[in-house]
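Single-structure report; data block below.
The values are calculated or read from the model by the stated rules, or taken from the named source; none is laboratory data. The shown structure was predicted, so the numbers you read here are calculated from the model rather than taken from an experiment. Cβ atoms come from the backbone with ideal geometry, glycine included; neighbour counts cover every protein chain shown. Calculation scope for accessible area: heavy atoms of the full protein, side chains included, ligands and nucleic acids excluded. Shrake-Rupley method; radii C 1.70, N 1.55, O 1.52, S 1.80 Å.
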Amino acid sequence: MKNQTKNLILKNAAVLFYSSAINHVTLDDIASKCGISKKTIYKYFENKEDLVIKTIQKQAKILKKNISRIQQKGHNALEELMHFITYINKKMHRVYPMVKNEIKKGPANSFFNAINYNDTIILQFIVDNIEHGKQQGLYKEQIDAQEFCESYDVLSKSIYFNYYFTDLNVKKKSFEFVSSLFLYGLVTQLGLDYLQMTL
């Protein structure tokens with residue numbers, strides 16, 4: 001029961017934090033969404049900062065599990081990457097654009113460390129995926145995995161964390177377009193043949 005309540009708080013906190021301005025979400029809002037009292041939240045978390053950090057850490061664990069499932073589901077590196085792009089697009093188009101900036105401005109370094117951990121998980125998956133794809137002959141041998149991955153990261157974040165860019169459908173389509181460019185820039189002829197068969 002104790003873990004159920006804690007997980008309920010973390011789940012609902014994630015929904016509110018990622019879909020709104022973190023600074024505007026109160027513990028009262030979270031308590032109300034959970035159907036519990038604010039006092040109950042304090043049984044599990046020291047304060048709002050602690051709850052934000054624990055929420056991001058919980059989301060990182062979920063992200064790792066989902067990446068592991070994607071890796072098991074894919075028959076090759078290209079299929080894995082395509083599943084991953086679909087997953088990230090669904091997840092990220094619901095995120096309020098200023099969330100990352102708000103977390104970075106948090107009073108504790110733990111905010112930055114927590115969000116940075118999420119980025120590390122994603123970037124490491126893509127770098128590993130590129131190396132795997134090269135071994136399978138699906139990706140170009142001359143591609144520098146780290147550089148390619150960082151470029152993709154910058155472009156995708158410029159779409160999702162740009163607060164001027166508010167239309168979710170436009171964000172989704174823009175991310176799909178950038179992802180297509182990324183995939184077509186990455187693949188060999190063998191990879192291109194596979195892409196054309198599956199898209």
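Local charge for Asp144 was computed over the other residues whose Cβ lies under 15 Å away, with Lys and Arg +1 and Asp and Glu -1, and equals -4.
In terms of the Cα gyration tensor, with a ≥ b ≥ c the square roots of its eigenvalues, is the stretch 121-160 rounded because a/c is under 1.5, prolate because a/b exceeds b/c, or oblate? The shape class here is prolate.
Note on surface exposure: Met82, Met197 rank Met197, Met82 by accessible area, highest first, 1.4 Å probe. Using a 7 Å offset from the Cα along the Cα-to-Cβ direction at both Met197 and Gln135, what is the distance between the two label points in nm, to one decimal? Taking the two extended label points, one gets 2.1 nm.
Evaluate E = 1/(1 + (r/R0)^6) for Glu46 and Asn66, where r is the Cβ-Cβ distance and R0 equals 30 Å; express this FRET efficiency to the nearest 0.05.
Numbers: r = 28 Å, r/R0 = 0.95.
The pair Glu46/Asn66 has a calculated efficiency of 0.60.
Across all Cα pairs in the stretch 1-87, the calculated P(r) in 10 Å bins from zero up to the longest distance comes to 16, 40, 22, 17, 4 percent per bin.
How fast does the stretch 9-59 diffuse by Stokes-Einstein, in µm²/s, taking the Kirkwood radius from C-alpha pairs at 4 °C and 1.567 mPa s? Don't jump to the answer; show the numbers that get you there.
Values: Rh = 10.6 Å.
Value of D from the Cα-based Kirkwood radius: 122 µm²/s.
For Val154, the accessible area of its heavy atoms, probed at 1.4 Å with every protein chain present, is near 100 square angstrom.
Within the stretch 37-86, which GluC sites (Glu not before Pro) sit in a loop by DSSP and count at most 11 neighbouring Cβ atoms inside 10 Å? Can you show the working numbers first?
Numbers: sites: Glu46, Glu49, Glu79, Glu80; in loops: Glu46.
Those that pass, being in a loop and sparsely packed, are Glu46.
How much net charge surrounds Glu79 when only other residues with a Cβ under 14 Å from its Cβ are counted (Lys, Arg +1; Asp, Glu -1)? With Lys, Arg at +1 and Asp, Glu at -1, the net is 0.
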